[in-house]
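None of the figures in this text is laboratory data; all of them are computed from the coordinates on show. Keep in mind the model is a prediction, meaning the values are calculated, not measured. A quick note on method: Cβ atoms are made from the backbone with ideal geometry, for glycine too, and the neighbour counts reach across all protein chains shown.
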Amino acid sequence: MRTPMVVANWKMHGRLAEARELAQAVRDGLKRPRGVEVAICPPFTALAAVAEVLAGSPLMLGAQNCHWEESGAFTGEVSPAMLAELGCRLVVLGHSERRHSSRETDEEIRRKVAAALRHRLQPVLCVGETAEERRQGLTFTVVEGQLRAGLAGLPAEDLVRCTIAYEPVWAIGTGLTATPSQAAEVHGYLRGLLSELGSKESAQAIRILYGGSVKPDNAGSFAQEPEIDGALVGGASLQAASFITIAKKSAAKSGASKE
Ligand code: PGA
């Protein structure tokens, strides 16, 4: 029912020449990905260039953030309409780097999710606890708050168009990862909440990705967990070979979907 998905989050990396080269290498290495959907989220400045490289391939283009308004006096912001026009199919929202360094609030993230859906962009809503919150036993409380707030008010038909990414903050860019069973436990909890917010059927259809130091050598162990539906990849997505390996290892066995 759920085809795994692997999303490259290039963060603030990739000047134009580099971005084109990396996107081309990923495209060449993943001509017809089987059992996995693949998306690349370059910085805004490289979206148009990467869109050209990916044109005609099954690889999807995504962005790393958007504003909730269509247009207006919002200096430095980019609207979902602008992203959709460039060919973006998805947008990462509520990434912890934005929650923490840019002080994004749950309410802003909720508006962004709703705005993305209005423009037929698939939101990839990120949730995750800090090391301190985990130490205090607050992991479930924190991710529950972020999930409920980010998806508040969405009708069931919109809920199923969202993807969730569980990204423990302490695992992002640190080389530390949640163990597959630690991640699966949180994924299971999130899926339970999604059934409450929508229905059991819709919750079964929503992908929950894991993110946080996913690398070629650990991607396979995450993929084995039935609750983990792919990966949001930062550092390892900046090398074509490692991202391609992660995508292949995340593919559902024999092209089947998770259920
Ligand atoms: P990482 O980043 O793979 O470098 O840990 C993941 C993310 O921030 O999405």
- request: List the residues whose amide H sits under 5 Å from the amide H of ALA165, counting only those 5 or more places along or on another chain, with H placed 1.01 Å from N in the peptide plane.
  value: LEU125, CYS126, VAL127, LEU209
query: Rounded if a/c is under 1.5, else prolate if a/b beats b/c, else oblate: with a ≥ b ≥ c from the C-alpha gyration tensor eigenvalues square-rooted, which is the chain?
result: rounded
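Quick one: if the Förster radius is 35 Å, what FRET efficiency do GLU70 and SER101 give, using the C-beta to C-beta distance and rounding to 0.05?
So the FRET efficiency works out to roughly 0.85.
Let a ≥ b ≥ c be the square roots of the eigenvalues of the Cα gyration tensor of the stretch 118-164; is it rounded (a/c under 1.5), or, if not, prolate (a/b larger than b/c) or oblate?
Details: a/c = 4.01, a/b = 2.48, b/c = 1.62.
Prolate shape, in that a/c is at least 1.5 and a/b is the bigger ratio.
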message: Checking the a/c ratio against 1.5 first, then a/b against b/c, what shape does the Cα gyration tensor give for the stretch 135-259?
response: oblate
- prompt: Out of ARG148, ARG27, ARG135, any idea which swings most in a Gaussian network model of the chain, alpha carbons joined below 10 Å?
  reply: ARG135
message: Give me the percent relative contact order of the chain, please, defined on Cα pairs under 8 angstrom at least 6 residues apart.
response: 24
message: Just to confirm my numbers, what's the Cα centroid distance between the stretch 65-111 and the stretch 194-209 in Å?
response: 24
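If you average the sequence gap of Cα pairs under 8 Å that are 6 or more apart and divide by the length of the stretch 32-147, what percent do you get for the contact order? Kindly include the intermediate steps, with their values, before the conclusion.
Values: 158 pairs, mean separation 24.5, N = 116.
Once normalised by length, the contact order is 21 percent.
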field: Highest-fluctuation residue, THR139, THR75, THR105 considered, GNM on the chain with Cα pairs under 10 Å
entry: THR75
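If each DSSP helix of 4+ residues adds -39,500 (n - 2.57) and the sum is divided by the residues in the chain, what number results at 222 nm, nearest 500 deg cm²/dmol?
Working: 12 runs with 112 residues, N = 259.
Estimated from H runs of four or more residues: -12500 deg cm²/dmol.
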- prompt: Residue-wise, which Karplus ³J(HN,Hα) couplings in Hz belong to the stretch 75-87, taking 6.51 cos²θ - 1.76 cosθ + 1.60, θ = phi - 60°, and x for glycine or proline?
  reply: 3, x, 9, 10, 8, x, 5, 5, 5, 4, 5, 7, x
- prompt: With the chain treated as a Gaussian network of Cα nodes joined by springs under 10 Å, which of VAL113, VAL78, VAL186 yields the largest mean-square fluctuation?
  reply: VAL78
